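Colleague: Got a structure for you, written out below as structure tokens; questions coming shortly.
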Amino acid sequence: MAAREHSVNTFLVAGGAGFLGAHLCRSLLQQGHRVICLDSFVTGSPQAVSDMLAHPGFELIEHDIIDPLPETLHPTHIFNLACPASPKRYQEDPIFTLRTCVLGSNNLLELAVTCNARILQASTSEVYGDPEQHPQHENYHGNVNPVGTRSCYDEGKRCAETLFVEFQRVRGARVKIARIFNTYGPGMAPDDGRVVSNFFAQALTGRALTVYGDGSQTRSLCYVDDMVEALQRLMASPEDFVGPVNLGGTEEITVLQIAHMVRELVGHDVPIVFRPLPSDDPCVRRPDTGLAQEKLGWKPEIPLRLGLAHTYEYFCRSMGNVEGNAASLRANDSLSVGGAAL
Ligand code: UDP
């Protein structure tokens, strides 16, 4: 099992004001590290890290990784989380998404080589596309449409993986690659278009839950705290372990089941409406997490129903629903594990 590093290091978190990035920055600070949060605020926001601004170990720099990086940066470790990550947001400006994946990664890799810093790439389950192998193992090469509406992200992230391994082979960069599956939790932007944020935002504003297709497509959701732990374990793993390694939830569930779980949490019959399935939307998705267990001693700990209850409380707070906490607690007591009784 990989141990956490306990010496004080300087972590550069690119995309640190995004959903996952802000949780990661907070955790690193709590462990006594210095954190430089670099963010363009295209999808992240200064509010996401406002609780850390007064911390002496924290620095926030507004910067887009596509542009040359400030020469003042001397990190010991770099997390590259900088990229719009929800389909809605990464499709808004697909050329920007591709540039972020490729040119941004290139800039960070050059910095990593200069500083001899470890660098971790936040890759994605999207490298598997609409998978024909299930669950997905790291040695599966995927089924990706190179010219579809999701390609800017899928192919951008695939190319970034290639850049990372070539920087290691050719330039001696100290790299790690995490393939991150759907992650959810407090801090998600209500308007990012993801399934969990959409459903909670819709339920709390009196709108119907929009299920795309017939809702039979599956995802394996991972709670954000579990993901942050996994990313740090990977960063601290032995030098010769590069990955790619799958990091994700193991409770596979259909989108329709997610809608029903949200309904139970909210505590009343929110209507469900069916909308067309977006093109290239993967039918199934579940990680084989054997490698993460073996190399990092990691597996997700937070059950889906508990994670969703925490997330619902967050949405109630952030969207100003004062009755939400009580409803959430009621639902938390009565929901069945993994949605089995839906
Ligand atoms: N989805 C849905 N309704 C929504 C948002 C998403 O049915 O309001 C579906 C989407 O089509 C996909 C799944 O939920 O099958 C997960 O979508 P998300 O955007 O969260 O992430 P993805 O796994 O597609 O990157």
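The values are calculated or read from the model by the stated rules, or taken from the named source; none is laboratory data. Just so we're clear, the structure is a prediction, and the values are computed from it rather than from any experiment. Quick reminder, even Gly has a Cβ in these numbers, built from the backbone with ideal geometry, and neighbours come from all protein chains shown.
Colleague: So which of R171, R219 is in contact (Cβ under 8 Å) with a residue 24 or more places away in the chain, buried (at least 18 other Cβ atoms within 10 Å of the Cβ) and not polar (S, T, N, Q)?
Modeller: On the way: R171 fails: buried (at least 18 other Cβ atoms within 10 Å of the Cβ).
Going through R171, R219 in turn, just one is in contact (Cβ under 8 Å) with a residue 24 or more places away in the chain, buried (at least 18 other Cβ atoms within 10 Å of the Cβ) and not polar (S, T, N, Q): R219.
Colleague: Looking at P244, P282, P287 in this structure, which one is in contact with a Ser or Thr (Cβ under 7 Å, 6 or more places away or on another chain), under 21 Å from N139 (Cβ atoms) and within 16 Å of the ligand (Cβ to nearest atom)?
Modeller: Details: P244 fails: within 16 Å of the ligand (Cβ to nearest atom); P282 fails: in contact with a Ser or Thr (Cβ under 7 Å, 6 or more places away or on another chain).
From the options P244, P282, P287, the qualifying one is P287.
Colleague: Take the residues in segment 271-292 that are surrounded by fewer than 18 Cβ atoms within 10 Å (Cβ to Cβ) and of a type in the set (A, V, I, L, M, F, W, C); name whichever of them is nearest to the chain's Cα centre (by Cα).
Modeller: C283
Colleague: Checking G215 against (1) within 16 Å of the ligand (Cβ to nearest atom); (2) on the phi < 0 side of the Ramachandran plot: exactly one of these is not met. Which one?
Modeller: (2)
Colleague: Restricting the search to segment 118-139, which residues are away from the ligand (no atom under 13 Å from the Cβ), buried (at least 17 other Cβ atoms within 10 Å of the Cβ) and of a type outside the set (S, T, N, Q)?
Modeller: Listed by number, the residues that qualify are R118, I119, L120, A122, P135, E138.
Colleague: Go through the residues of segment 129-142 one by one and say whether even a single one is closer than 25 Å to P303 by Cβ, of a type outside the set (A, V, I, L, M, F, W, C) and outside any loop (DSSP other than H, G, I, E, B).
Modeller: Scanning segment 129-142 turns up at least one residue that is closer than 25 Å to P303 by Cβ, of a type outside the set (A, V, I, L, M, F, W, C) and outside any loop (DSSP other than H, G, I, E, B).
Colleague: If T149 satisfies all but one of (1) assigned to a loop (DSSP other than H, G, I, E, B); (2) over 17 Å from G243 (Cβ atoms); (3) more than 13 Å from the ligand (Cβ to nearest atom), what's the number of the condition it fails?
Modeller: (3)
Colleague: So, one more: Among the candidates V224, V262, single out the residue that is over 18 Å from the mean Cα position of the chain (by Cα) and β-branched (V, I, T). Lay out the reasoning, then the answer.
Modeller: Details: V224 fails: over 18 Å from the mean Cα position of the chain (by Cα).
Of the residues listed, the single one that is over 18 Å from the mean Cα position of the chain (by Cα) and β-branched (V, I, T) is V262.
Colleague: Also, I was wondering about something else. Pick out, from segment 1-72, the strands (runs of 3 or more DSSP E) lying fully within it that include 3 or more residues that are over 20 Å from the mean Cα position of the chain (by Cα). Outline the logic, then answer.
Modeller: On the way: elements: 10-14, 34-39, 58-62.
It comes to 58-62.
Colleague: Same structure, new question: Could you identify the single residue in M227, M261, M235 that is at pLDDT 95 or above, within 15 Å of the ligand (Cβ to nearest atom), buried (at least 18 other Cβ atoms within 10 Å of the Cβ) and within 30 Å of Q168 (Cα to Cα)? Lay out the reasoning, then the answer.
Modeller: Values: M261 fails: within 30 Å of Q168 (Cα to Cα); M235 fails: within 15 Å of the ligand (Cβ to nearest atom).
Going through M227, M261, M235 in turn, just one is at pLDDT 95 or above, within 15 Å of the ligand (Cβ to nearest atom), buried (at least 18 other Cβ atoms within 10 Å of the Cβ) and within 30 Å of Q168 (Cα to Cα): M227.
Colleague: Please determine whether any residue of segment 198-205 is within 16 Å of the ligand (Cβ to nearest atom), surrounded by 19 or more Cβ atoms within 10 Å (Cβ to Cβ), without any contact (Cβ under 8 Å) to a residue 60 or more places away in the chain and on the phi < 0 side of the Ramachandran plot.
Modeller: Yes, there is a match, as at least one residue in segment 198-205 is within 16 Å of the ligand (Cβ to nearest atom), surrounded by 19 or more Cβ atoms within 10 Å (Cβ to Cβ), without any contact (Cβ under 8 Å) to a residue 60 or more places away in the chain and on the phi < 0 side of the Ramachandran plot.
Colleague: Starting from segment 261-283, take each residue that is under 29 Å from C152 (Cβ atoms) and list its partners that are among the β-branched types (V, I, T), counting only C-beta distances under 6 angstrom and pairs at least six apart or across chains.
Modeller: Partner pairs satisfying both residue conditions: V273/T210; F274/V211; R275/T210; S279/T149.
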